[in-house]
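One structure is given here, and the rest of the page talks about it.
The values are calculated or read from the model by the stated rules, or taken from the named source; none is laboratory data. Quick caveat: nothing in here was measured; it's all calculated off a predicted structure. Positions of Cβ are backbone-derived with ideal geometry, glycine not excepted, and every protein chain shown enters the neighbour counts.
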Amino acid sequence: MQKIIHVDMDAFYASIEQRDNLQLRGKAVIVAWSARRSVVCAASYEARAFGVRSAMPAVHARRLCPDAIFVPPDFPRYREVSRRVHSILQRHTDLIEPLSLDEAYLDVTENKLGLATATLVARSIREQIRTELGLTASAGVAPNKFLAKLASDWRKPDGLFVIQPDEIDAFLLPLRVERLPGVGKVTGEKLKNLGIQTIADLRNLKLSVLEAQFGRYGARLHELARGIDNNRVVPNRSTQSISVEDTLEEDLTLAGTQPMIRRLAEKLWLASRKEPRIARTVVLKLKTSEFKILTRSHTPASPPSSCEELIGIALQLQERVHLNPKQRYRLVGVGLSNFREPEELLEQPTLFE
């Protein structure tokens with residue numbers, strides 16, 4: 001049986017700021033740009049107590065927590081700390097799958113130090129991060145990736161939670177279905193209409209019913225309700241692209257999609273800051289009322305260096321859509337692709353001139 005650990009740094013960006021500035025410790029800290037349309041990159045737990053969350057508009061965060069200290073993000077510094085965290089993880093296993101700058105899966109079915117249990121490995125990792133980096137991490141230990149990720153969130157911050165194989169049902173069945181990956185607002189509403197509120201309820205639904213309601217994802221729900229996840233830890237998995245999209249409440253003209261493009265670009269920028277690699281290409285996706293999909297892309301001479309720059313490129317791509325001005329659209333998406341290592345961009349500037 002696999003032994004999987006999910007390591008998740010606690011309020012990573014905000015914690016680095018508090019570590020490096022004594023005056024910020026114990027204070028409500030919000031990492032965000034000062035621009036009017038900025039979004040929250042991270043919030044300390046002191047700020048989270050007021051309801052501040054990542055990706056929230058900064059103006060809304062300020063209303064929730066007027067005494068918060070706003071700090072501009074320093075992503076080169078965060079990436080360097082992330083590299084140091086990764087070097088600690090590598091002492092224990094080579095089977096590491098980074099999800100972002102601040103979290104990763106580890107397969108420690110066999111570990112380099114010969115520790116007797118995965119729990120001891122997780123304790124060792126958390127202690128080394130605390131001692132060497134002055135930061136805290138939460139960890140979940142379980143027989144698969146799905147359960148390990150649930151476990152790491154169970155005792156945050158600075159927590160360790162272990163799900164043994166014989167404890168899976170006792171842990172999983174009482175949880176609400178919204179805790180399952182992929183169950184968002186739409187899927188959650190569908191499940192609610194079927195009378196499904198907990199994972200125990202979900203387990204009672206036949207596979208055929210789930211597939212009829214949710215297609216291929218129905219089979220995935222059937223497995224998750226039983227604590228089954230056969231996905232392996234894949235080392236060195238490189239991000240190919242990331243994107244965000246949304247279906248409009250009512251079909252709009254091209255000009256009418258601008259506010260949505262701005263909001264999606266802000267959300268995408270925040271997501272991209274958690275990637276160790278840097279994207280070079282910006283993509284705009286539109287779906288017409290007739291379900292025709294249009295895409296426009298642009299690779300600038302240098303990668304977008306700010307949220308405002310990304311928004312500007314996305315809006316420029318909108319100008320390259322030459323359909324009837326009366327044409328209406330039902331979906332908008334903004335994406336990033338063509339990811340590169342930061343060192344590659346620095347060492348090979350001539351490639352992008």
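A few points about this structure:
- Going through (1) in a helix (DSSP H, G or I); (2) closer than 30 Å to LEU310 by Cα one by one, GLU127 falls short only on (2).
- Of the residues examined, GLY227 is not one that is modelled with pLDDT under 90 and under 30 Å from PRO165 (Cα atoms).
- Extreme residue, nearest to ASN338 (Cα to Cα), among residues of segment 274-292 that are of a type in the set (D, E, K, R) and in a loop (DSSP other than H, G, I, E, B): ARG277
- Checklist (1) crowded, with 16+ Cβ neighbours inside 10 Å; (2) of a type outside the set (A, V, I, L, M, F, W, C); (3) at pLDDT 95 or above applied to ARG19, failing item: (1)
- Among residues of segment 12-32 that are under 20 Å from SER100 (Cβ atoms), those with a beta-carbon under 6 Å from a residue that is surrounded by fewer than 15 Cβ atoms within 10 Å (Cβ to Cβ) at least six positions away or on a different chain give the pairs GLN18/ARG25; ARG19/GLY134.
- Flag: LEU115 matches the condition of being under 28 Å from ASN231 (Cβ atoms), at pLDDT 95 or above, outside the structural domain of PRO276 (by TED's automatic domain parsing) and part of a loop (DSSP other than H, G, I, E, B).
Matching residues to (1) in contact with a Lys or Arg (Cβ under 8 Å, 6 or more places away or on another chain); (2) at pLDDT below 90:
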{"position": "VAL283", "(1), (2)": "yes, no"}
{"position": "THR288", "(1), (2)": "yes, no"}
{"position": "LYS292", "(1), (2)": "no, yes"}
{"position": "THR295", "(1), (2)": "yes, no"}
{"position": "ILE313", "(1), (2)": "no, no"}
{"position": "TYR329", "(1), (2)": "yes, no"}
{"position": "PHE339", "(1), (2)": "yes, yes"}
{"position": "GLU343", "(1), (2)": "no, yes"}
{"position": "PRO349", "(1), (2)": "no, yes"}
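- Pairs are defined by a Cβ separation below 9 Å, a sequence spacing of at least 6 or placement on different chains, a first member in segment 250-268 that is surrounded by fewer than 18 Cβ atoms within 10 Å (Cβ to Cβ), and a second member that is outside any loop (DSSP other than H, G, I, E, B) and of a type in the set (S, T, N, Q); the pairs so defined are ASP251/THR288; ALA255/GLN318; GLN258/GLN318.
- In segment 27-70, of all residues being under 21 Å from the mean Cα position of the chain (by Cα) and among the β-branched types (Val, Ile, Thr), the one that is farthest from THR136 (Cα to Cα) corresponds to VAL39.
- Among the residues making up segment 113-155, those that are aliphatic (A, V, I, L, M) and farther than 20 Å from GLN2 by Cα are ILE129, LEU133, LEU135, ALA137.
- Once segment 233-273 is narrowed to residues that are in a strand (DSSP E or B) and among the polar types (S, T, N, Q), the residue that is nearest to THR295 (Cα to Cα) is SER243.
- Close pairs from segment 182-195: first under 17 Å from LEU224 (Cα atoms), partner modelled with pLDDT under 90 and not in a helix (DSSP H, G or I), Cβ under 9 Å, at least 6 apart: LEU191/VAL183
- LEU202 vs. criteria without any contact (Cβ under 8 Å) to a residue 24 or more places away in the chain, farther than 29 Å from VAL108 by Cα, surrounded by 15 or more Cβ atoms within 10 Å (Cβ to Cβ) and not charged (D, E, K, R): no
- For segment 99-116, the set of residues classified as over 14 Å from ALA139 (Cα atoms) and in contact (Cβ under 8 Å) with a residue 60 or more places away in the chain consists of SER100, LEU101, THR109, listed by residue number.
- Single residue of LYS292, LYS287 found to be outside the structural domain of LEU99 (by TED's automatic domain parsing) and buried (at least 16 other Cβ atoms within 10 Å of the Cβ): LYS287
- Flag if ASP102 is more than 23 Å from ASN21 (Cα to Cα), surrounded by 21 or more Cβ atoms within 10 Å (Cβ to Cβ) and charged (D, E, K, R): no
- Of the candidates LEU135, LEU106, the single residue that is assigned to a loop (DSSP other than H, G, I, E, B) and in contact with a strand residue (DSSP E or B) (Cβ under 9 Å, 6 or more places away or on another chain) is LEU135.
- Subset of segment 8-67 [aromatic (Phe, Trp, Tyr), assigned to a loop (DSSP other than H, G, I, E, B) and within 25 Å of LEU264 (Cβ to Cβ)]: TRP33
- Candidate set: segment 107-126, residues that are among the β-branched types (Val, Ile, Thr) and farther than 19 Å from ASP158 by Cβ; chosen: the one surrounded by the most Cβ atoms within 10 Å (Cβ to Cβ): VAL108
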